[in-house]
1. When we measure straight from the Cα of residue 65, which aspartates and glutamates land under 18 angstrom away, once same-chain ones fewer than 8 places off are left out?
2. Stokes-Einstein diffusion coefficient for the chain at 4 °C in a medium of 1.567 mPa s, Rh from the Kirkwood formula over Cα pairs: what value in µm²/s?
3. Need one number: nm distance between label points at residue 96 and residue 168, each 7 Å from Cα along Cα→Cβ, rounded to one decimal.
4. Whole number in Å², please: accessible area per residue of the chain, 1.4 Å probe, ligands, DNA and RNA not counted.
5. If you line up the long axis of helix 210-221 against the longest principal axis of the chain, both from Cα atoms, how many degrees apart are they, to the nearest 10?
6. Among 49, 72, 59, pick out the residue whose Cα is farthest towards the positive end of the charge dipole of segment 40-88, where Lys and Arg carry +1 and Asp and Glu carry -1 on C-beta, about the Cα centre.
7. Kindly give the semi-axes, whole Å and largest first, of the ellipsoid equivalent to segment 1-98, taking each as the square root of 5 times a Cα gyration tensor eigenvalue.
8. Specify the angular offset, from 0 to 90 degrees and rounded to the nearest 10, of the alpha carbon long axis of helix 39-49 from the longest principal axis of the alpha carbons in the chain.
Amino acid sequence: MSFEGKVAVVTGAGSGIGEAVARALAAEGVKVVVADFNATTGEKVAQDIGGAFCQVDVTDSAQVKAMVDFAVAKYGRLDYAVNNAGISGPQDAIVNISEDDYLKLIAVNQHSVFYGMKYEIPEILKTKGAIVNISSILGLVAERLAICYVAAKHAVAGMTKAAGVYYAPEGIRINSVHPGFIDTPLLAGLPDEVMNPIVSAHPIGRLGKAEEVANVVVFLLSDKASNVVGSQYVVDGGYTSV
Ligand code: NAP
C-alpha cells in the first residue's frame, strides 16, 4: 500500500486498538511513534515493532504538541496520525454523574482529538498524508447509561467531518472509525450480566477484535482510500444495522 518511508503517530498505542494499529502500520513498513500515558505498555509495544515511545497525556495540549515535535525530530516528517486514546467513563443517569467525571471524559475522549489535529495537521500538510480519529458506534447512536461517552464520540465524528471537508482541498484526508464493542482492556471487568447482552447485540455473535479495527484504519490511511474524506467507517459486526 506504498507505506515505505512513512511516519505515523498513534495515541493510546500501548494497548487494545491503538496497539493493533501500531503493529499493523509497522508491519507495512511505517515508522511508528507509540504515544501513550502508560510508559510500561507503550515502551514494550515500541520495542516490539522497532518504533519510538513517546509518553503523552492527551488531555494536555502542550504534551500533544511535544508528541508531534518528537515524531518530526525523530523521523524527519509526519505522514499519518491516529487519534485513538480514550477511556470508557461513568455509566449512569446524567443526574448521578459528577461534573468532574463529565469533564474528565470529555477531556480524554474529545479535547484530545482537537489538540491532536491542531498540532498534527501543520506537519501532515507538508506530506499530504492522512488522519484517522477513533470514535465509536456511540458516536453514531446512543447508549442510555453512557451520556458523557456518547457526547464525546459524537463530537469526534463532527470534528472529523468539519476538519475533513476543510482540509480536503489541501490534499490531506481526515476520517473517523466507529468500532462496535471490541475485546480490549477497556471492557475488562464487565460482569457477565452486562457483557452477555452486549455480545448478543452484535449480529456477528461475538465482540470485535482490535486487529479488525486496525485493518480499516490502515486502509483509510493508505492511498487506496484516496476518495474517502470526512467519512465515518463503522466496524461493528452489524450492531448499528439492527
Ligand atoms: P484500551 O485498551 O484501554 O487502550 C487505551 C490506551 O489509551 C491505554 O494504553 C491507556 O493507558 C491510554 N490512555 C488513557 N488515557 C490516556 C491519556 N490521557 N493520554 C494518553 N493515553 C491515554 O482501550 P481501547 O479499547 O483500545 O480503546 C481505544 C479507543 O477506541 C478509545 O478511544 C475507545 O473509546 C475506542 N473504542 C473502544 C471500543 C471497545 O469496545 N474497546 C469500542 C469503540 C471505541 P492506560 O493503560 O494507562 O489506561
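The values are calculated or read from the model by the stated rules, or taken from the named source; none is laboratory data. Please read these numbers as outputs of a predicted model, since none were measured by experiment. Note that we place each Cβ from the backbone using ideal geometry, even for glycine, and neighbour counts take in every protein chain shown. Only protein heavy atoms, including side chains, enter the accessible area calculation; ligands, DNA and RNA are left aside. Shrake-Rupley method; radii C 1.70, N 1.55, O 1.52, S 1.80 Å.
1. Straight-distance partners of residue 65: 36, 57, 79, 120, 123.
2. Numbers: Rh = 17.7 Å.
Estimated diffusion coefficient is 73 µm²/s.
3. Once both label points are built, they end up 4.3 nm from each other.
4. Accessible surface, normalised per residue, equals 45 Å².
5. 40 degrees
6. Positive-most Cα among the choices belongs to 72.
7. Semi-axes, largest first: 27, 15, 12 Å.
8. Computed tilt is about 50 degrees.
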